[in-house]
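Just so it is clear, none of the values below were taken in a lab; they were calculated from the coordinates. In this text the structure is predicted, and so the values were computed from the model without any measurement.
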Ligand code: TMP
């Protein structure tokens, strides 16, 4: 039987959600599962997936700084432009599946809707940053804001964005849910209150379906 070349099976998967939603844990569990299934998979994150990005992350999340909303947005896009060209695209071209903890949907929810900069404007610049790269599959880990913020607080010192008012975080949760409703084929909502193995099983079912389609 002819094996499809690996390059055709590389999948780009992103995890999204509010603070403390459990996306980082699920992204790690998925990377582990893919490797156990014999797939090459790399886990990366935004902001901060490159050397430049780590400097941008420190500047963006420092609670002692005040950052203008437009500057904030463009710094997230700068992080993404570097990350896509330096890391994500080269890996996908080599046939490696890439799992990214946050991507364009975070900018759309936090800056486009949360900061009120507008989805049209954000999407236009984001397309330049990504070169048109879109995830094959996105998981939105959804849970009530108070539960997410409590989890984030239990991890230690809050970042500049985590320190925003509850009202801001509620807007972000609602924004993510609206984005998911608009693209149900790509964005899968996973209940962030499920226990870890149960949520991982839900994630895996969707990933297995996409891998199956790509391999055909
Ligand atoms: P993280 O700690 O979950 O990696 O997220 C970093 C923070 O940056 C989080 O508060 C969400 C925020 N963020 C945006 O506001 N816009 C973006 O485009 C990205 C990638 C993250």
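To the nearest ten degrees, helix 166-182 and the longest principal axis of the Cα atoms of the chain are 30 degrees apart. Here the Gaussian network model covers the chain, with springs between Cα atoms less than 10 Å apart; of 107, 66, 14, 66 fluctuates the most. A P(r) calculated from all alpha carbon pairs of the range 132-216, with 10 Å bins opening at zero, reads 15, 38, 34, 12, 2 percent. Here the extension length gained between residue 153 and residue 93 equals 17.7 nm, from 0.36 nm per residue of separation less the Cα-Cα distance. For the range 20-59, the alpha-carbon coordinates run over 37, 24, 7 Å along the three principal axes, in decreasing order. For the chain, what is the Kirkwood hydrodynamic radius in Å, using each pair of distinct C-alpha atoms? Evaluated over the chain, this radius sits at 17.6 Å.
Each Cα pair under 8 Å and six or more residues apart adds its separation to the average, and for the range 91-216 the resulting relative contact order is 29 percent. With an 8 Å Cα cut-off and a minimum separation of 6 or more residues, compute the relative contact order for the chain in percent. RCO, the chain: 33 percent.
Working note: Cα atoms of the range 39-155, range along each principal axis, descending, whole Å: 39, 30, 27.
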